[in-house]
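The values are calculated or read from the model by the stated rules, or taken from the named source; none is laboratory data. All figures in this text were calculated on a predicted structure; none of them were measured in a lab. Using ideal geometry, Cβ is built from the backbone for each residue, glycine included, and neighbour counts are taken over all protein chains shown.
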Amino acid sequence: MKTGKQELNFEEYHIDQEPYYLPIKDEVKIFRAAFLAKIPVLLKGPTGTGKTRFVEYMSYQLSREMSLEEKDGNAFLALITVACHEDLTTTDLVGKFLLKGDETIWVDGPLTRAVLKGAICYLDEIVEARKDTTVIIHPLSDHRRLLPIDKKGTIIEAHPNFFLVISYNPGYQSLIKDLKQSTKQRFIAIDFDYPAREQEALIIQHEADINQEIAYELAKLGEKIRHLKGHALVEGASTRLLIYCGKLIRGGISARMACEVALTAVLTDEKEIQRAINEVITSIFP
């Protein structure tokens, strides 16, 4: 369960119940070691492969492992998530002056809040933000751990618990939107990909609350559709979409119809490619 509030372009919350996450490789061990060493983390991988869920899971796990003293008396380690987009500015991340009545007040942005209170700050799809925006994280993501607030003429030293995590999908982005090496080399990278069929079936079964047989067939379907990526599809079928299929099936929608609306119609608008996907669906769900 997540508790918190939504403000403008970011969400700040505390996770008080363990999110479901199935570790695939050594990502949990690596993330924990990076957190303790204060090394920022870059999560790379296709959409819908569990990057956001992983950050939530690690926020919960690290919060449980830390003492109340380490968390400054707080029950949970806060997680601040920013959904990056092309209009995201440095001001959006750091903060700005606002008029309130007859006075001008300063309002911290999500990055500043995370730096001050010692939260995990997750910048999702960082490459979608403007190039000049990502520069602000450079002094935070090396040994300095500093955040300059140009509009106030101040520099903030990061709280000991502050931890920076960013993500992007390298297979989807163009060269124009790729991360600069000067940014990449401030992070360690954890690669995410689609799980193996058996692992993905377990995830689908749990998240969609369906039986093992249907979950396995959906995982097999996702694997087959991903073979079309690069030939006919820009993106393969994400685990998230397969879970949607499972939830629709659980709700009484036929398997074929569920897959057509949650997969075929979402993945492409090209009629020929849609027919090819539907043929794959029919081979598994006649």
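Summary of values
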item: Residue match in region 64-76 (condition: over 17 Å from Ala158 (Cβ atoms), surrounded by fewer than 20 Cβ atoms within 10 Å (Cβ to Cβ) and touching a residue at least 60 places away in the same chain (Cβ under 8 Å)); result: yes
item: Selection from region 227-239 of residues that are touching a residue at least 24 places away in the same chain (Cβ under 8 Å) and surrounded by fewer than 17 Cβ atoms within 10 Å (Cβ to Cβ); result: Ala232, Val234
item: Matching option when the condition is over 21 Å from Thr52 (Cα atoms) and either of a type outside the set (A, V, I, L, M) or modelled with pLDDT of 95 or more (or both), among Leu228, Leu218, Leu233; result: Leu218
item: Filter result for the condition that a residue is touching a Pro at 6+ places or on another chain (Cβ under 6 Å), of a type in the set (A, V, I, L, M, F, W, C), surrounded by 15 or more Cβ atoms within 10 Å (Cβ to Cβ) and within 29 Å of Pro23 (Cα to Cα), over Ile137, Ile126, Ile80; result: Ile80
item: Tally, over region 1-26, of residues that are modelled with pLDDT of 75 or more, among the hydrophobic types (A, V, I, L, M, F, W, C) and touching a strand residue (DSSP E or B) at 6+ places or on another chain (Cβ under 6 Å); result: 1
item: Some residue of region 84-103 being assigned by TED's automatic domain parsing to the domain that holds Pro148 and within 16 Å of the chain's Cα centre (by Cα); result: yes
